[in-house]
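Asker: My structure is below; once you've seen it, I'll send some questions.
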């Protein structure tokens, strides 16, 4: 048996301010740091061989906090833009409530939750899937096949793309799937990388 844990970074400043963050590189809040600490507490007792994160500091700091909490700061950490949050294009930095007033609830929900619809000048979840999953297949799956327990700390949409792939979630169902900040999602695989258990910790 080998396992994979996905963790969405802790609350960021723009999460707190209800703004579209996307690929903007913003800091964690004090609450976000505490969420990462709690995630680490939940993961104590799990031994990881490798860890992956994005190029954005909110995910990197969350990972650092988790690894310190579980006493595994010496494991190899790989940072790659394939795990970055999707770009929200011209919506980035805008307040979500103000954006709803301008475009309407239905349009904003379509931009946020649908699989294929892009926000203006931004990426869809489908676009994110097309960069995240090939990276996972080429770089991370081989680690799991080599029986290396793996931790990924990244973002709502890059991790939703991974959930689609791992759990065979279709484009319609993923619209209803959300991954809260700081709540680990833990997968246990057999030697053929078939899932034997999935839990949110």
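The values are calculated or read from the model by the stated rules, or taken from the named source; none is laboratory data. None of these values were measured; they are calculated from a predicted model. Note that each Cβ is placed from the backbone with ideal geometry, even for glycine, and that neighbours are counted across all protein chains shown.
Asker: If you take the residues of the range 183-192 that are modelled with pLDDT of 95 or more and not in a strand (DSSP E or B), which of them is surrounded by the most Cβ atoms within 10 Å (Cβ to Cβ)? Step through it out loud before you land on a result.
Answerer: So the first thing to find is which residues in the range 183-192 are modelled with pLDDT of 95 or more, and the list is 183-190.
Subsequent filtering for residues that are not in a strand (DSSP E or B) retains 183-184, 190.
Working: 183: 15, 184: 21, 190: 10.
In this case the residue turns out to be 184.
Asker: For the range 34-60, name all the residues that are part of a loop (DSSP other than H, G, I, E, B) and within 25 Å of residue 145 (Cβ to Cβ). So that I can check it myself, show each step before the final result.
Answerer: At the first step, the residues of the range 34-60 found to be part of a loop (DSSP other than H, G, I, E, B) are 44-49, 54-56.
Correct list: 45, 46, 47, 48, 49, 54.
Asker: Which ones in the range 81-93 are part of a helix (DSSP H, G or I) and within 12 Å of residue 154 (Cα to Cα)?
Answerer: So in the range 81-93, the residues part of a helix (DSSP H, G or I) come out as 81-83, 89-91.
81, 82, 83, listed by residue number.
Asker: Hey, does the range 107-124 have a residue that's closer than 30 Å to residue 45 by Cα and either in contact with a strand residue (DSSP E or B) (Cβ under 9 Å, 6 or more places away or on another chain) or crowded, with 18+ Cβ neighbours inside 10 Å (or both)?
Answerer: no
Asker: So, in the range 61-80, exactly how many residues are buried (at least 21 other Cβ atoms within 10 Å of the Cβ) and assigned to a loop (DSSP other than H, G, I, E, B)?
Answerer: Adding up the residues that qualify gives 0.
Asker: Just to be sure I understand, how many residues within the range 155-182 are outside any helix (DSSP H, G or I) and touching a strand residue (DSSP E or B) at 6+ places or on another chain (Cβ under 9 Å)?
Answerer: 5
Asker: Continuing with this model, one more query. Among the numbered criteria (1) buried (at least 16 other Cβ atoms within 10 Å of the Cβ); (2) over 29 Å from residue 194 (Cα atoms), which one does residue 90 miss?
Answerer: That leaves (1) as the condition not met.
Asker: Quick test for you: out of 10, 22, pick the one residue that is touching a residue at least 12 places away in the same chain (Cβ under 8 Å), out of contact with any strand residue (DSSP E or B) (no Cβ under 6 Å at 6 or more places or on another chain) and within 30 Å of residue 138 (Cα to Cα).
Answerer: Details: 10 fails: out of contact with any strand residue (DSSP E or B) (no Cβ under 6 Å at 6 or more places or on another chain).
Of the residues listed, the single one that is touching a residue at least 12 places away in the same chain (Cβ under 8 Å), out of contact with any strand residue (DSSP E or B) (no Cβ under 6 Å at 6 or more places or on another chain) and within 30 Å of residue 138 (Cα to Cα) is 22.
Asker: Moving on. Quick check: anything in the range 134-154 assigned to a loop (DSSP other than H, G, I, E, B), buried (at least 18 other Cβ atoms within 10 Å of the Cβ) and out of contact with any helix residue (DSSP H, G or I) (no Cβ under 6 Å at 6 or more places or on another chain)?
Answerer: yes
Quick grid of which residues meet (1) free of Cβ contacts under 8 Å to residues at least 40 places away in the same chain; (2) at negative phi:
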site	(1), (2)
39	no, yes
45	yes, no
56	no, yes
92	no, yes
95	no, yes
98	yes, yes
108	yes, yes
114	no, yes
118	yes, yes
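Asker: Restricting to the range 170-182, and then to whatever is surrounded by 15 or more Cβ atoms within 10 Å (Cβ to Cβ) and over 14 Å from residue 153 (Cβ atoms), can you tell me which residue is modelled with the lowest pLDDT?
Answerer: 175
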